[in-house]
């Protein structure tokens, strides 16, 4: 059975520009992409260049882009149609062979070995299993640089950000309780707060390491030592004063303050989130969501006392008040008899699905007493899907990082949109691109946030789009800002809930 592979070819000493060559290979089920690379080298073209070593995914040298996604050639199964390219953000030596010298040189001054002054009291030393696991997970990194290739920050700021791979290497020593060097300072000077926490690095890591989680934990160490940037201190102050992560719009009251008690008990709870509650431009989203849910459930609970979900605190490393906020929210919805709690925000939902169960388990020794779901997941299973009326719009869907990679909610929103008559869903090359609004980047580095946003906006131009739809309020604020700055005033940015509400109007 024949397979076809399109391969990036480039020799800087001979070629003016890269080109792609197509080869045929004898495809067999079970073969790896590295087997295909060897077939080309040994049977078809001995000038084809790539690197490898151990062939069992533990050396990291055979990293490449496989069908547009970074990975290890020795680990990825071959398909009948393949496209092989070198990793992004690294200089090409030849073909798939990349230059690792810049990253190796960067690590030389970071003293990536155990640093200690005090001698151990006894040998072997006892290390708490939880602390041990932190640096053992980071130790799985084989420096394949797949995460480097997929990082949107390195796309815009290659010299002011250490990158996910290097920060994971640093985390390995930061979390080692025997190490006595202030690694957090090194990480901070290397752009620790320049990460958007988009999660692209986590998706492509062949050893299931989360660079984002390691970065958040290093930030937490920095906050504990009172060395965090001013943006973090301002966030702490806001949360201390109001138990919300943002301040209310001047001259406007929060959504929850405007409402009377909306059902004290019921099976379905609605978590509003700080942005929708406090930003007067988004309050309509909360009301639309409540009305839609009331058509699908007998009682919908919208507790007025709900507080910040805690996600902004986790992202910025300021977790002193996290447990209090989480337990307060859980107690509120549990006491209301909720079996499901619906989120309107990608960031909130991600924290509710990951952080809430962890903290509740530690506190109570039990599982979370309700299921957390995104609005799109809930709506897709309702009878209202059959009642969607026409919406005459050309729209593009923005895959919010916190929703797509944070919660695994990828297809649900688009399935809803495709079910709406007369709605035209336009796919773009930047649907999955980070908008630069996550990870507190809008607070810590506005210039970098704007650069990442501009790349997103450029990919939307000249597509005839009337509306840009997403499921994350932070993305909505960021995208609106980007469209205004780029003088694109004909494109609206809307929450998925608003499109559904439009499709459910009685006049449709």
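With angles folded into 0 to 90 degrees, how steeply does helix 211-224 sit against the dominant principal axis of the chain? Use alpha carbons for both and round to 10.
Orientation of helix 211-224: about 70 degrees from the principal axis.
Can you give the FRET efficiency to the nearest 0.05 for residue 304 and residue 426, using r as the Cβ-Cβ distance and R₀ = 41 Å?
Efficiency for this residue pair is about 0.55.
To make sure I understand, if each residue's beta carbon is the centre and we count other beta carbons within 10 Å, what order do 379, 113 fall in, fewest to most?
Arranged by neighbour count, lowest to highest, 379, 113 become 113, 379.
Please state the relative contact order of the chain as a whole percent: Cα pairs under 8 Å, 6+ residues apart?
Computed over the chain, the figure is 11 percent.
I want the antiparallel fraction of DSSP beta bridges within the chain, as a percent rounded to 5.
45
By how many degrees, between 0 and 90 and to the nearest 10, does the Cα long axis of helix 473-485 differ from the longest principal axis of the chain?
Its long axis makes an angle of about 80 degrees.
In nm, what is the difference between 0.36 nm times the number of residues separating residue 47 and residue 284 and their Cα-Cα distance?
My answer for the length gained is 79.2 nm.
For the Cα atoms of the chain, what angle does the longest principal axis make with the long axis of helix 230-242, in degrees from 0 to 90, nearest 10?
30
To the nearest Å, what is the center-to-center distance of the stretch 135-170 and the stretch 54-113, using C-alpha atoms only?
So the two Cα centres are separated by 12 Å.
Which order, highest average first, do 183-193, 197-207 follow once you tally other Cβ atoms within 10 Å for each residue and take the mean per peptide?
The most tightly packed comes first, giving 197-207, 183-193.
I need the calculated FRET efficiency for the pair residue 118 and residue 247, taking r as the beta carbon distance and R₀ as 56 Å, to the nearest 0.05.
Once rounded, the FRET efficiency stands at 0.80.
For the stretch 243-380, report the convex hull volume of the alpha-carbon atoms normalised per residue, in Å³, without decimals.
Per residue, the Cα convex hull of the stretch 243-380 comes to 100 Å³.
Tell me, what is the percent relative contact order of the stretch 275-391, built from C-alpha pairs under 8 Å that lie six or more residues apart?
Worked out over the stretch 275-391, it gives 22 percent.
Which of the three applies to the stretch 102-224, rounded, prolate or oblate, going by the alpha-carbon gyration tensor with a ≥ b ≥ c and a/c under 1.5 meaning rounded?
Prolate, since a/c reaches 1.5 and a/b exceeds b/c.
Before anything else, pin down the relative contact order of the stretch 214-279: Cα pairs under 8 Å, at least 6 apart, normalised by residue count, whole percent.
Computed over the stretch 214-279, the figure is 30 percent.
Given only helices, namely DSSP H runs of n ≥ 4 each adding -39500 (n - 2.57), what is the per-residue ellipticity at 222 nm of the chain, to the nearest 500 deg cm²/dmol?
-11000 deg cm²/dmol
How much length would be gained if the chain were fully extended between residue 492 and residue 466, taking 0.36 nm per residue of separation minus their Cα-Cα distance, in nm to one decimal?
Working it through step by step, the gained length comes to 8.7 nm.
As a footprinting exposure proxy, order 279, 447 by other Cβ within 10 Å, with the fewest listed first.
Ascending Cβ contact count within 10 Å gives the list 447, 279.
Every number here is computed from the coordinates shown, using simple stated rules; none is lab data. It should be emphasised that the depicted structure is a prediction, and the values quoted were computed from it without experimental measurement. We place every Cβ from the backbone using ideal geometry, glycine too, and count neighbours over all the protein chains shown.
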